[in-house]
Structure formats: structure tokens, C-alpha cells
Amino acid sequence: METAAPDLSAVSALALQVDLLQLPPEIPAPGAPALRGVLDRLFAHWLTLPDTVALVSCLSQKAKSTGGLAGCGMLPSMMMQGGANVPPLSPRSPRLARRPSGLGGGHTHRSASPLRPSTARTNKEVIPQFYFRDGRPLPYEQKRQFIAVIEQLFAGHANGLRIQEFRMVTRELCKLPSFLTTVLFGKIDKDNTGFVTRDAYMDFWVNSNMMTMDTATQVFTILKQHDHDYLTKEDFKPLLRDLLDNHPGLEFLKSTPEFQERYGETVVYRIFYCLSRIGSGLLTLRELKRGNLIDALQHADDEEDINKVLRYFSYEHFYVIYCKFWELDTDHDFFIDKENLIKYGNHALTYRIVDRIFSEVPRKFTSKVAGKMCYEDFVHFILSEEDKSSEPSQDYWFKCIDLDGNNILTHNELQYFFEEQLHRMECMAQEPVLFEDILCQLVDMIGPEDDTFFVIKDFRRCKLSGHFFNVLFNLNKFMAFESRDPFLIRQMREEPSLTDWDRFARREYIRLAMEEDGEDASNASGDVWDESLESPF
């Protein structure tokens, strides 16, 4: 039975939706003259296919029975989807937003199908790498120049460089203080051959990206042990030994090895006092970066007079600390107790604050003897006592005054410590000051957020925090501040960069030096040293 020819009259009324053909972008628009004839022939061929003939016949019969094409609204979807039950496209679909090209043969602006990304969509923005665990690698040209300098320094040294020859590499090539030479040399020369070869230096400094790290991270990596992420006091010993052996300002100490050791210990204690805020005896990389140790090392490397390096390394500062400890340690067993410490500063401190210190509230003692303070503990004490404006000192004395340990100083706690001050003032025939008046002065001085108590951050904002604590437990400094010594005021104005500790150490060193000179002169001539010259200030 022959199949009847399809009635194309019903289909001729349908407009061909070219958007549903999903033509590739490189093919011109269907409205272009070049493809108009081709598409017509393709469409005619499609109508002659058996499946299409059956479909068109069915639709034609339905159209005749319904009286029109009103029921054929889903024809395009059936043609593309094979009659599958597929939900319609969103009205905002990019395929329906395309506009046909103009008659002038201009370019057609067609968005890509969501089923097939366009060329523009594949060209995604590439975000460059911004985090490098071992530091950002050097640009190729800069790295090439650096390697050329290495080749020059190691030229003629087939076996490598000795430690004295390597000092120039540390300072000029690594841009580090020369006192790190010993420990850096040991890090590279792992087999203790006494030489650092060119290849070994390249592996440690260049290939491991050490050269791209900041200076603080370089120093931290060089000093710390391999399996540690912190520094201990022992890690600083090679650096201090190199400093003592090579700094011209410390050459005179080579004849007294015992004082070399004490000087090195004092420097390390000062470093940990200022930088290790947790008080655990360990120094982290973050604490090292926040401190000024790197600048102090560079200053010591550039300055021949070690006493001009006021941060950590001044020998005069060490001399003052050690002599003050030696004066209090009457039996010279290298420990001091409460009765020794109460004599500090001509009995300046109250018994109550000394009791708090020996209860180890502000800091646990490192001495193994109960009720005794060792040299390291004394270093922390004297630095806190003579510069109460520094943050470590504020933490130290805040803990002493905070009797209940709730991180708040109440008026009752302040009154407890001031009571002894008031009693001492009465014994010295000084005009007593009521606590209520003192409390008003303290509140006005610090300016706390809440007038009923004080917290540690209140002291961070105030430059007179030292006087606050002196009022409570140091009578000598309290009276000196009230009298407004013009000499001290002029000294502070002339040298504002100096800290209270710097000024104290200078005065004490002059006094101690004059005492020593006087003793020498007395021993030589048999005369008695004039006590009136003991303290020029």
C-alpha cells in the first residue's frame, strides 16, 4: 500500500525556529545569503524522510480534525527532542535572547548554548600563585646574578671555605649579622669537615629558598634546632660565643672567661625578658618578628663601641645588673632571699610587694632552691623595677598587685599596698596622704574605662604607668616624682629616645665606676675614700 504524500500546507504556515538548531558559532547566521539556499535544500530533504513523512501526516490529520494548528504548539520541541517529555526552557535562557542578523550582512551576536560553552567561556581568568610555603622564588635574572656572585666567592676554593673566610659570605652575600657565622657554618657543614663547599651552600641557601625569606625568618631558621618550631636559651649560645670572640668592643673580656659567660647569660635573659611574653622560656617566630632583636644584632655588627648598642648588648648595662646583684648577695652563693632584696634601692620597696615577688606570682623562679632568687630571676626583677613603662614590666607588677588573680585591680587591692607606704611616710615624718586623695590621682593618671577598677590595657595607653606602681610600693621613687627633680626632667627632655632603664643604667655605671676608681686610689695612697663622692646624683 503506497503511503500518501504528506500535506505540506499545514507545515508551510510554521516558521522555522533556527535558534533551536544550535548551529556552531563558526557557521554564518541562517539569514545570511550564503546559506539561504543550503538550508532550504536541507529542510526539503528532511521533509522527505520516512519518519518525518509519518510525523507530518499525523500532525496534518490532527490539524484537520481540530480545525487548525492551535494544538500544534509543541511541534518545535517534538522536532528537536524526539517527542520526549522535557520541561520548557526558561524565558531568560540565552538561546532565546539572540537577535537575528541584519540584512547588511553584519555579525550575528549569538550567545553560546548552555549545553556547549562558548570560546569566551573557556578562557577563564587565571589567578597567579600568591602563597609560597618556603618563600617566593626569586626571578630568574636575579637568581642568575646571585649564583654568579657565589661562583666568584668560591672560585679558587676547590675544597670550600673555612669559617673565617665564610664570614664575608654571611655578611655580604646573606646580608646577615656576622655573629651568625658560626651557627650558619655548622648548619651547612653537617659532617664537621671544617669547610663549606659551593654545592653545600647552594643546597642550603638557594635551593631551599632561604634567600627569599625575610631576615627574621632566616635568623630563626638558622638558630633553632631542626625538629623545633621555637628557640630556647641554649640556641643563642653559639651566637653569643661568636660575638664575644670577634666583637672589638668585647675584646678586653677575653682575659676573664667567667665574666664572658655572665655577660652572655645576661644578654640572653634580657632577650627573653623583652620578647618571650608568654614566659614559657621559649621564643616563637612571631615573637621574634615583633621584637627588635634583628635590628640590635645589625647595630652591634656595625658599631665598634658595644656600649652604644643599648638594646640587649651594652656591656655597661651588664655591669650594672651584675654589680647590683653582687651587692645584695652578701654571702656570694649566687642566691638572694627576701632579706637581701628588701635592701634594694636603699630599702625602697615595701615588705608586702617583696612577699608577692617571692610568692612567685609575677614569675616562677628558675632557681631550684625554695625561697631563693637566682641571677636570672634578679635580671627580670631589676629590668621590671627600673623601667615600669615597658609592657613586660607592666605585666610583672600588675600580677603582683592583683591579689585574687582575676586580672582586675580593685580599689581594695590598691589600698592594701598603699597602707604600708602610708605607714612608712609617717615614720619618716612625712605629711601623710589619704588613700582617697591618692585614688583620685591614680584614676586621673591612668584614665581607666571604668573608674571602679583597672585592667592591664588601661596601663598600655598611659605613659605614667610607672608612677602608678611607685605610689603603691616604692617610696623613694614616689617622693622623687612628687618633688619633680629638675635634673631628671632636663635629662628626659634632652634625650627622649632613652628609656627609664637606659637612664638608670647610665647613672649607676658612673657611680660604680667612681667607687671602683676611688677604691683603687685609696689602696694605692692609703687615703680613705670620701663618702660624699659616692653618689654624685
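The values are calculated or read from the model by the stated rules, or taken from the named source; none is laboratory data. As the structure is a prediction and not an experimental result, all values here were calculated from the model. For neighbour counting, all protein chains shown are included, and Cβ atoms are generated from backbone atoms with ideal geometry for every residue, glycine included. Side chains included, ligands, DNA and RNA excluded: accessible areas come from the protein's heavy atoms. Shrake-Rupley method; radii C 1.70, N 1.55, O 1.52, S 1.80 Å.
Tabulated data for the structure shown
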| item | result |
| --- | --- |
| Residue match in the range 376-396 (condition: in contact with a Cys (Cβ under 7 Å, 6 or more places away or on another chain) and of a type in the set (G, A, S)) | no |
| Among the residues listed as N192, N207, the single one being under 15 Å from P137 (Cβ atoms), out of contact with any Pro (no Cβ under 8 Å at 6 or more places or on another chain) and open to solvent by 20 Å² or more (accessible area, probe 1.4 Å) | N207 |
| Among the candidates E508, E436, E449, residue that is more than 21 Å from C274 (Cα to Cα), without any contact (Cβ under 8 Å) to a residue 12 or more places away in the chain and either within 36 Å of the chain's Cα centre (by Cα) or buried (at least 17 other Cβ atoms within 10 Å of the Cβ) (or both) | E449 |
| Matching residues in the range 200-248 - criterion: being among the aromatic types (F, W, Y) and closer than 15 Å to T170 by Cβ | Y201, F204, W205 |
| Failed condition for G279, given (1) farther than 18 Å from L223 by Cβ; (2) at pLDDT below 95; (3) open to solvent by less than 60 Å² (accessible area, probe 1.4 Å); (4) not charged (D, E, K, R) | (3) |
| Selection from the range 482-493 of residues that are under 37 Å from the mean Cα position of the chain (by Cα) and either under 28 Å from E420 (Cα atoms) or of a type in the set (A, V, I, L, M) (or both) | L488, I489, M492 |
| Tabulated pairs, the range 413-430, first modelled with pLDDT of 90 or more, second assigned to a helix (DSSP H, G or I) and β-branched (V, I, T), C-beta under 8 angstrom, 6+ apart or interchain | E413/I401; L414/I401; F417/I353; F417/I401; F418/I438; F418/V471; Q421/V471 |
| Matching residues in the range 150-182 - criterion: being among the aliphatic types (A, V, I, L, M), open to solvent by less than 20 Å² (accessible area, probe 1.4 Å) and closer than 17 Å to H247 by Cα | L176, L180 |
| Candidate set: the range 511-530, residues that are surrounded by 16 or more Cβ atoms within 10 Å (Cβ to Cβ) and assigned to a helix (DSSP H, G or I); chosen: the one modelled with the lowest pLDDT | G518 |
| Number of the condition not met by M425 [criteria: (1) open to solvent by 60 Å² or more (accessible area, probe 1.4 Å); (2) in a helix (DSSP H, G or I); (3) over 29 Å from C274 (Cα atoms)] | (1) |
| Residues satisfying the stated conditions in the range 452-461, i.e. part of a loop (DSSP other than H, G, I, E, B) and surrounded by fewer than 13 Cβ atoms within 10 Å (Cβ to Cβ) | T452, R461 |
| Residues located in the range 375-418, provided they are among the hydrophobic types (A, V, I, L, M, F, W, C) and open to solvent by 20 Å² or more (accessible area, probe 1.4 Å) | L403, I408 |
| One residue from Y351, Y312, Y269 being among the hydroxyl-bearing types (S, T, Y), within 23 Å of R507 (Cβ to Cβ) and open to solvent by 30 Å² or more (accessible area, probe 1.4 Å) | Y269 |
| Every pair of residues 6+ apart whose Cβ atoms lie under 9 Å, when the first sits in the range 491-504 and is open to solvent by 50 Å² or more (accessible area, probe 1.4 Å) while the second is of a type in the set (S, T, Y) and assigned to a loop (DSSP other than H, G, I, E, B) | D500/S389; D500/S390 |
| Criterion violated by N412 - all others in (1) of a type outside the set (V, I, T); (2) touching a helix residue (DSSP H, G or I) at 6+ places or on another chain (Cβ under 8 Å); (3) not in a loop (DSSP other than H, G, I, E, B) satisfied | (2) |
